[in-house]
Amino acid sequence: MDLRQRFETLTTAHMADACVRAQLPVRCLGIHAVVPGAKIAGRVLPARHAGSVDVFLEAFESAEPGDVLVVDNGGRRDHACVGDLIVQEAQTAGLGGVAIWGLHRDTADVRAIGLPVFSLGSLPTGPLAVEERPADALASARMGEWVVDSGDVVLGDDDGVVFVPGQHIEDLVLLAEGIRDKERRQAERIRGGETLRSQLGFATFLANRAENPELSFREHIRRVGGVVEE
């Protein structure tokens, strides 16, 4: 499966909804692309930053084409941990992008390089001190409340990033495509004058809920085959 090509017509929202549908944890993080509209989709290449870029260079030694460098900098906002040289090296190594739980710098140069970079934002200064590097610095990365590794896939767009288990990626993409197609059909019907309330039988839901207060809207829309939330 060409993941990047399939993801071009999907969104992270579709993938998150697919995880809900598959009863898998929804592992999302609100980091955003340096260039709006950029997307990433690839296997996680984890690296825990400890004040020196050597960990990234070492990660590139074992990278496979299309991998996404996933940088754990603890969500720190007192310095940037990735700049233009690392992004350029990542591109040269064949990576598909960089996702940082932390900050980047050299924004103008990063934009010019063209490799998708996602982060919490930017700051001019790099690290001012080198800390002790953890033993598992290349084995996994914490991204917000989630710990991810090379068994995971990261997908990113204007809404942020979502991490999904690599062994389920094909099934999740199929689910996401089905959700996308239903949403598109519903949107087209709304534009044609048929309200979403009508499509989803909202009046019926209200009547049924009056008789059964425990009935949730999610239960109802699954019964009628609609999509608007999971």
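The values are calculated or read from the model by the stated rules, or taken from the named source; none is laboratory data. Note that the structure is predicted; figures quoted are calculated from it, not measured. Here Cβ is always computed from backbone atoms with ideal geometry, including for glycine, and neighbour counts include all displayed protein chains.
The set of residues in the stretch 76-92 being closer than 16 Å to Ile40 by Cα and either crowded, with 18+ Cβ neighbours inside 10 Å or basic (Lys, Arg) (or both) consists of Val87, Ala90. Checking Gly166, Gly160 one by one, the residue that is closer than 30 Å to Val35 by Cα, in contact with a helix residue (DSSP H, G or I) (Cβ under 7 Å, 6 or more places away or on another chain) and in contact (Cβ under 8 Å) with a residue 60 or more places away in the chain is Gly160 and no other.
Residues in the stretch 116-139 that are surrounded by 13 or more Cβ atoms within 10 Å (Cβ to Cβ) and hydroxyl-bearing (Ser, Thr, Tyr) were compared, and the one that is nearest to the chain's Cα centre (by Cα) is Ser119. Look at Val68 and say whether it is assigned by TED's automatic domain parsing to the domain that holds Pro116, crowded, with 19+ Cβ neighbours inside 10 Å and among the aliphatic types (A, V, I, L, M). The answer is yes for Val68. When the stretch 207-225 is filtered for residues that are of a type in the set (A, V, I, L, M, F, W, C) and either under 20 Å from Asp17 (Cα atoms) or surrounded by fewer than 13 Cβ atoms within 10 Å (Cβ to Cβ) (or both), the ones remaining, listed by number, are Ala207, Ala210, Phe217, Ile221, Val224. Restricting attention to the stretch 163-214, the residues being closer than 24 Å to Phe118 by Cβ, outside the structural domain of Val153 (by TED's automatic domain parsing) and of a type in the set (S, T, N, Q) number 0.
Of the residues Arg218, Arg180, the single one that is over 30 Å from Ala80 (Cα atoms), basic (Lys, Arg) and without any contact (Cβ under 8 Å) to a residue 60 or more places away in the chain is Arg218. If you go through the stretch 74-84 one residue at a time, do you hit one that is touching a residue at least 24 places away in the same chain (Cβ under 8 Å), in contact with a helix residue (DSSP H, G or I) (Cβ under 7 Å, 6 or more places away or on another chain) and under 16 Å from Val110 (Cα atoms)? Yes: one or more hits.
Looking across Phe7, Phe56, one residue alone is in contact with a strand residue (DSSP E or B) (Cβ under 7 Å, 6 or more places away or on another chain), buried (at least 19 other Cβ atoms within 10 Å of the Cβ), more than 17 Å from Val153 (Cα to Cα) and not β-branched (Val, Ile, Thr). It is Phe56.
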